[in-house]
Amino acid sequence: MMLLELDRVQAFYGRSQALFDVTFQMAKGEVVALMGRNGMGKTTTIRTICNLLPAQGGTIRFAGQDVRRLPPYRVARLGVGLVPEGRRCFANLTVEENLLATARAGRWTLAAVHTLFPCLAERRSQLARTLSGGEQQMLAIGRALMTNPRLLILDEATEGLAPVVRQDIWAAVRALKEEGQSILIVDKTLGELLPVADRCVVLEKGQTMWQGKPAALDPQTQERFLGV
Ligand SMILES: Nc1ncnc2c1ncn2[C@@H]1O[C@H](COP(=O)(O)OP(=O)(O)OP(=O)(O)O)[C@@H](O)[C@H]1O
Ligand SMILES: [Mg+2]
């Protein structure tokens with residue numbers, strides 16, 4: 001059984017159609033890079049997987065279950081851990097309260113998250129809003145991990161961060177991949193993204209236009225669909 005299966009997914013914002021035909025699958029343990037230029041539907045695809053935006057057509061199955069029937073909290077409980085674009089944490093909770101808010105038993109405990117991101121241990125009693133952007137991003141990832149997700153979704157997790165902080169996040173992503181965590185990842189830094197990805201799925205105007213291994217992503221395809 002596939003971990004995640006999207007088949008001809010369509011989605012709208014009001015009457016404006018954002019997704020026309022998004023079709024791809026993910027096996028357990030895979031790291032899949034969801035790619036495409038600005039506004040092509042990456043975040044919208046992620047929102048439909050979590051049912052934050054209901055798909056209007058097609059099917060989305062996670063671990064064999066039809067997520068279109070489930071409210072977002074049930075999708076999360078099934079094992080989808082989302083780190084949304086813009087790293088939203090609970091600003092007026094402490095770092096530790098943020099981590100414990102959605103925690104579920106499993107490999108990821110407070111101690112394990114502290115090992116992955118030591119700064120979160122140092123700042124455990126601080127309010128989330130007093131953290132730097134990079135620390136907030138680590139907190140957002142830590143919080144998603146604390147749900148012990150079967151699938152971790154990272155939407156632009158390194159966006160707008162200083163280079164050294166980006167390196168910390170990429171190191172964490174590589175460590176997660178190493179231990180077999182399934183990850184669906186969107187990121188603009190192809191130089192870091194491609195080496196960590198098992199497979200790429202490229203969106204253009206709300207459609208999956210290309211899928212394959214990173215090594216098969218030739219310069220023409222990159223120029224045509226990614227503008228690089
Ligand atoms: N809240 C919204 N209301 C209306 N239209 C939206 C909304 N969010 C996104 N869209 C539109 O849906 C389309 C897909 O946007 P989406 O945010 O999914 O793209 P993206 O690939 O994540 O882009 P980016 O790389 O800029 O994050 C775009 O045309 C965008 O303008
Ligand atoms: Mg986006």
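For the reader, a short list of remarks on this structure follows.
- In the set Ala91, Ala111, only one residue is at pLDDT below 95 and loosely packed, with under 15 Cβ neighbours inside 10 Å; that residue is Ala91.
- Scan region 45-59 for residues that are free of Cβ contacts under 8 Å to residues at least 60 places away in the same chain, near ligand 1 (Cβ under 10 Å from one of its atoms) and either under 25 Å from Lys213 (Cβ atoms) or among the β-branched types (Val, Ile, Thr) (or both) and the total you get is 1.
- Number of the exception - Ile153 against (1) away from ligand 1 (no atom under 16 Å from the Cβ); (2) touching a Cys at 6+ places or on another chain (Cβ under 8 Å): (1)
Per-residue answers, yes or no, for (1) within 10 Å of ligand 1 (Cβ to nearest atom); (2) surrounded by fewer than 21 Cβ atoms within 10 Å (Cβ to Cβ); (3) aliphatic (A, V, I, L, M):
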position: Glu5; (1), (2), (3): no, yes, no
position: Val9; (1), (2), (3): no, no, yes
position: Gly14; (1), (2), (3): yes, yes, no
position: Thr43; (1), (2), (3): yes, yes, no
position: Ala63; (1), (2), (3): no, yes, yes
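- Qualifying residue in region 1-13 (condition: in contact with a helix residue (DSSP H, G or I) (Cβ under 7 Å, 6 or more places away or on another chain) and on the phi > 0 side of the Ramachandran plot): no
- Restricting attention to region 110-139, the residues that are away from ligand 1 (no atom under 16 Å from the Cβ) and in contact with a strand residue (DSSP E or B) (Cβ under 9 Å, 6 or more places away or on another chain) add up to 6.
- Filter pass, Gln25 being closer than 24 Å to Ala157 by Cα, more than 14 Å from ligand 1 (Cβ to nearest atom) and free of Cβ contacts under 8 Å to residues at least 40 places away in the same chain: yes
- Test: residue in region 118-127 that is touching a residue at least 40 places away in the same chain (Cβ under 8 Å) and not small (Gly, Ala, Ser): no
- Residue check, Thr221 within 16 Å of ligand 2 (Cβ to nearest atom), free of Cβ contacts under 8 Å to residues at least 60 places away in the same chain and either surrounded by 13 or more Cβ atoms within 10 Å (Cβ to Cβ) or hydroxyl-bearing (Ser, Thr, Tyr) (or both): no
- A Cβ distance below 6 Å, combined with a sequence gap of six or more or placement on separate chains, defines the contacts here; from region 1-12, residues that are in contact (Cβ under 8 Å) with a residue 60 or more places away in the chain reach residues that are hydroxyl-bearing (Ser, Thr, Tyr) and assigned to a strand (DSSP E or B) in the pairs Leu3/Ser182.
The values are calculated or read from the model by the stated rules, or taken from the named source; none is laboratory data. Every value quoted in this text rests on a predicted model; they were computed, and no experiment measured them. Cβ: placed from backbone, ideal geometry, glycine included. Neighbour counts: every protein chain shown.
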